[in-house]
Amino acid sequence: CCDPDLGQGDDEVNRWEHIVRVSGNQYPDYTARHYLIKALSAASLIGIPSTYRPGRSVEHVKLLEGFQTVFLNVLHKLNIPLQSLQLTDSAAHHLLHASGWLRRILLPGQYPELGQHFGLHPDYQPRIILAGNLASPFADLLLREGCQIVATIQPVGMYNIEEVIHQIGMHNFDLALVSAGTAAKYICTSIGQMGKVALDAGQLFDVILNQYGHLNHKLYVIPVMTFM
């Protein structure tokens, strides 16, 4: 980002270092870079921060524009055509929950019209696996809501990413929710290559557990300052 108010080069890295730490990385982190490049090439859907979401401050918009510029430069360096990628809002996990679609996906039996539309058996319930440092308490919350949890995997980070993928592959499931910072990107694409569905849940585990304690999407407010 070339905005003097946000900093440049190493100054900018220092200023936004907390974002890197929250994602489970150090700087520089060449292992994370390696896995991110592999994930970028294999992901079926990639979230990019949107500057048009209501509530963004001017400084935040400038930061996101800087991110978008850097992202385009990275694609150019990696010889990955932008048009070859399927992009969405990086807050897709928040939007899924706030719109009620996450609940529909997890608990389709509560929405008969949904089952009829997709030809699901009335008793169908997806087998869900959770991966992340808060997988166990989030599993308890989902179990109270009536979800079917087949496994929880934790801890999860860049340091044990291959072991986590191996553990996930040992279970029979329909959907994986992964909340593990940068590591989630590669884990999700690896699950996709298993022929399974995976969603990078971002900070959903944290936000729902710490601020809500339930899956009532009608009360959910999308965090304005979300970057992921």
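Please arrange His121, His97, His34, His214 by accessible surface area, largest first, computed with a 1.4 Å probe and ligands excluded.
Details: His121 120, His97 5, His34 95, His214 50 Å².
Ranked from most to least accessible, the order is His121, His34, His214, His97.
Under 14 Å from the Cβ of Gln193, count the other residues' Cβ atoms, weight Lys and Arg +1, Asp and Glu -1, and hand me the total. Please report the intermediate quantities before stating the final value.
Numbers: positive: Lys38, Lys185, Lys196; negative: Glu162.
Local net charge: +2.
Can you tell me the relative contact order of the chain? Whole percent, Cα pairs under 8 Å, sequence separation 6 or more.
Details: 310 pairs, mean separation 51.9, N = 228.
Worked out over the chain, it gives 23 percent.
Among all lysine pairs in the chain that are eight or more places apart or on different chains, how many have alpha carbons less than 30 angstrom apart?
Within the chain, the lysine pair count is 10.
If you roll a 1.4 Å probe over the heavy atoms of the protein chains, what accessible area per residue do you get for the chain, in Å²?
On the way: 12560 Å² over 228 residues.
Heavy-atom SASA per residue in the chain reads 55 Å².
Considering only protein heavy atoms, with the full assembly of protein chains and a 1.4 angstrom probe, order Lys77, Lys196 by accessible area, largest first. Intermediate results must be reported in sequence, preceding the final value.
Numbers: Lys77 165, Lys196 65 Å².
Correct descending sequence by accessible area is Lys77, Lys196.
At a Förster radius of 35 Å, what calculated FRET efficiency corresponds to the Cβ-Cβ distance of Val61 and Met170, to the nearest 0.05?
About 0.20, to the nearest 0.05.
Can you compute 3J(HN,Hα) from phi for each residue in the stretch 94-111, using the Karplus curve 6.51 cos²θ - 1.76 cosθ + 1.60 with θ = phi - 60°, rounded to whole Hz and x for Gly and Pro?
My calculation for the stretch 94-111 gives 5, 5, 4, 6, 4, 7, x, 6, 4, 5, 4, 5, 6, 10, x, x, 7, 10 Hz in order.
With label points built 7 Å along Cα→Cβ from the Cα atoms of Tyr159 and Trp101, find their separation and express it in nm.
3.6
Could you calculate the FRET efficiency of Arg127 with Tyr212 from 1/(1 + (r/R0)^6), where r is the beta carbon distance between them and R0 is 25 Å, rounded to 0.05?
Details: r = 24 Å, r/R0 = 0.97.
Given R0 = 25 Å and the Cβ-Cβ separation, E is 0.55.
Label points 7 Å out from Cα along the Cβ direction at Gln86 and Val221: separation in nm?
Rounded to a tenth, the inter-label distance reads 3.4 nm.
If you average the C-alpha positions of the stretch 169-203 and of the stretch 76-134 separately, how far apart do those two centres end up, in angstrom?
A separation of 12 Å, based on Cα centres.
The values are calculated or read from the model by the stated rules, or taken from the named source; none is laboratory data. This structure is a prediction, so every number in the text was calculated from the model and none was measured. Methodologically, a virtual Cβ is constructed for each residue, glycine included, from the backbone with ideal geometry; neighbour enumeration extends over all protein chains shown. Heads up: the accessible areas ignore ligands, DNA and RNA and are worked out on the full protein's heavy atoms, side chains in. Shrake-Rupley method; radii C 1.70, N 1.55, O 1.52, S 1.80 Å.
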